[in-house]
1. Restricting attention to region 1-60, which residues are of a type in the set (S, T, N, Q), more than 13 Å from the chain's Cα centre (by Cα) and under 15 Å from R73 (Cβ atoms)?
2. How many residues are open to solvent by 90 Å² or more (accessible area, probe 1.4 Å) and of a type in the set (S, T, N, Q) if we restrict to region 43-53?
3. Name the single residue that is modelled with the lowest pLDDT among those in region 54-76 being in contact with a Leu (Cβ under 9 Å, 6 or more places away or on another chain) and open to solvent by less than 40 Å² (accessible area, probe 1.4 Å).
4. Which pairs turn up if I take residues in region 87-102 that are assigned to a loop (DSSP other than H, G, I, E, B) and look for partners that are at pLDDT below 95 with beta carbon separation below 6 Å, at least 6 apart in sequence or on another chain?
5. Hey, G97 hits all of (1) more than 21 Å from A11 (Cβ to Cβ); (2) crowded, with 16+ Cβ neighbours inside 10 Å; (3) over 14 Å from the mean Cα position of the chain (by Cα) but one; which does it fall short on?
6. Being farther than 13 Å from M17 by Cβ and not in a helix (DSSP H, G or I) is the filter here, so list the residues in region 42-59 that pass it.
Amino acid sequence: MAKLDETIHQATRLRIMAALNAVEPGEPGLDFTRLKSLTGATDGNLGSHLETLSKAGYVTVEKSFVDRKPKTRVAATRTGRRAFAEHVAFLKSVIDGGDAQA
């Protein structure tokens, strides 16, 4: 039974998870700057939401240096992809007038 995921349901986190789920599993994820552009979030706001998603086990955040510049890549985990799929199924059931439960 599909259910509302309170962690993903917040608008910015929903945008983050949608963007990350558009990346094929096994691909390196999205660069922080690209994700910021896609979500319209500020650095601090995006970082805060990524921390929440990371604590839930929905994303991984990898930091490195390239040419002495910090690089951050974010990817959805298997758990995050499953949670997002369930959340989308929940939303579809609401739209279809089904018996969705929060």
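1. Taking region 1-60 first, the residues of a type in the set (S, T, N, Q) are 7, 10, 12, 21, 33, 37, 39, 42, 45, 48, 52, 54, 60.
With the extra rule that they be more than 13 Å from the chain's Cα centre (by Cα), the set shrinks to 33, 37, 42, 45.
Scanning region 1-60 gives T33, S37.
2. First, the residues of region 43-53 that are open to solvent by 90 Å² or more (accessible area, probe 1.4 Å): 51.
Checking the rest, the ones that are also of a type in the set (S, T, N, Q) come to none.
Counting residues in region 43-53 that are open to solvent by 90 Å² or more (accessible area, probe 1.4 Å) and of a type in the set (S, T, N, Q) gives 0.
3. Our first condition is that a residue be in contact with a Leu (Cβ under 9 Å, 6 or more places away or on another chain); within region 54-76, this holds for 58-59, 61, 72-76.
Pick out the ones that are also open to solvent by less than 40 Å² (accessible area, probe 1.4 Å) and you get 58-59, 72, 74-76.
Details: Y58: 98, V59: 98, T72: 93, V74: 97, A75: 97, A76: 97.
Filtering first and then ranking leaves T72.
4. A100/F90; A100/S93; A100/V94; A102/L4
5. Only one criterion in (1) more than 21 Å from A11 (Cβ to Cβ); (2) crowded, with 16+ Cβ neighbours inside 10 Å; (3) over 14 Å from the mean Cα position of the chain (by Cα) is unmet by G97, namely (2).
6. T42
The values are calculated or read from the model by the stated rules, or taken from the named source; none is laboratory data. None of the values given here were measured: they were computed from a predicted structure. Don't worry about glycine lacking a Cβ; one is built from the backbone with ideal geometry, like all the others, and counts go over all protein chains shown. Surface accessibility is based on the protein's heavy atoms, side chains included, excluding ligands, DNA and RNA. Shrake-Rupley method; radii C 1.70, N 1.55, O 1.52, S 1.80 Å.
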